[in-house]
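The values are calculated or read from the model by the stated rules, or taken from the named source; none is laboratory data. If you're wondering where the values come from, they're calculated on a predicted model, not measured in any experiment. As a convention, Cβ positions derive from the backbone with ideal geometry for all residues, glycine included, and neighbour counts pool all protein chains shown.
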Amino acid sequence: MSKKNKSELPTSWSEKMLEGFIDYCLTPLGPTPGQISFFIMEKQTHIDFSLNESKDESISYIGLLSQKKLENVYFSLSSVWPTSKEQKGCMGYLKLLNGRAYDSYTPVPMIRGFIRRGLGFFETINNLLRDAKIFGWKYPIGLNIQIIIPKHINTGNILSTKLGIKEVRFYQNLSVFDRNDFLKHL
């Protein structure tokens with residue numbers, strides 16, 4: 001999120017923000033129509049153990065949208081996949097909502113995503129995070145998420161719509177050294 005004064009940050013989706021999100025997803029101004037780009041900034045793991053030796057693990061990746069007008073939107077991808085018949089044929093879904101930040105519980109506009117377990121998605125992110133640690137992470141891990149856009153989406157119904165995830169692509173820039181410093185020594 002940007003470093004604005006907390007009182008200046010939006011606490012919910014405004015009509016203008018929803019219009020900006022729809023424009024970003026539906027017009028060629030975005031990377032490709034129906035594609036959203038995020039940067040992963042942190043990982044949160046919640047593990048619950050019970051007396052009957054069961055383990056319930058929930059992993060969330062928190063990040064930022066890479067769209068300037070939507071930079072104050074909180075983003076989270078979770079490994080928990082709530083069962084939903086209308087999401088068949090998708091690897092998960094995104095939902096825009098007015099939620100609470102995990103670290104401060106302040107009201108924020110958010111995009112919450114759910115990815116089905118068992119696809120290797122979260123193992124891939126964990127491997128990228130390990131590589132980033134080894135190479136001295138200077139750049140965040142990026143995700144391009146291809147969503148299925150319903151035909152009649154508008155600002156009046158987007159907050160209640162589950163946007164199916166069709167495809168996810170990762171990108172990461174890792175370097176053992178600073179290229180400019182290396183070139184100076186040649």
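Couple of notes before you dig in:
- Test for Lys55: is it without any contact (Cβ under 8 Å) to a residue 60 or more places away in the chain, surrounded by fewer than 13 Cβ atoms within 10 Å (Cβ to Cβ), over 9 Å from the mean Cα position of the chain (by Cα) and within 18 Å of Ile145 (Cα to Cα): no
- The sole residue among Asn98, Asn144 that is within 22 Å of Tyr24 (Cα to Cα), surrounded by fewer than 18 Cβ atoms within 10 Å (Cβ to Cβ) and in contact with a helix residue (DSSP H, G or I) (Cβ under 9 Å, 6 or more places away or on another chain) is Asn98.
- When Phe21, Phe38 are checked against the criterion of being at pLDDT 80 or above and either touching an Asp or Glu at 6+ places or on another chain (Cβ under 9 Å) or part of a strand (DSSP E or B) (or both), Phe38 stands alone in meeting it.
- Residue match in the stretch 119-134 (condition: out of contact with any helix residue (DSSP H, G or I) (no Cβ under 8 Å at 6 or more places or on another chain) and at pLDDT 85 or above): no
- Subset of the stretch 60-91 [at pLDDT below 80 and among the β-branched types (Val, Ile, Thr)]: Val80, Thr83
- Matching entry among Leu159, Leu119 (being among the hydrophobic types (A, V, I, L, M, F, W, C), in a loop (DSSP other than H, G, I, E, B) and surrounded by fewer than 15 Cβ atoms within 10 Å (Cβ to Cβ)): Leu119
- Which listed residue, of Ile147, Ile141, is β-branched (Val, Ile, Thr), modelled with pLDDT of 80 or more and within 19 Å of Ile62 (Cα to Cα): Ile147
- Among the residues making up the stretch 134-161, those that are under 14 Å from Ile40 (Cα atoms) and out of contact with any Pro (no Cβ under 9 Å at 6 or more places or on another chain) are Trp137, Lys138, Tyr139, Pro140, Ile141, Gly142, Leu143, Ile145.
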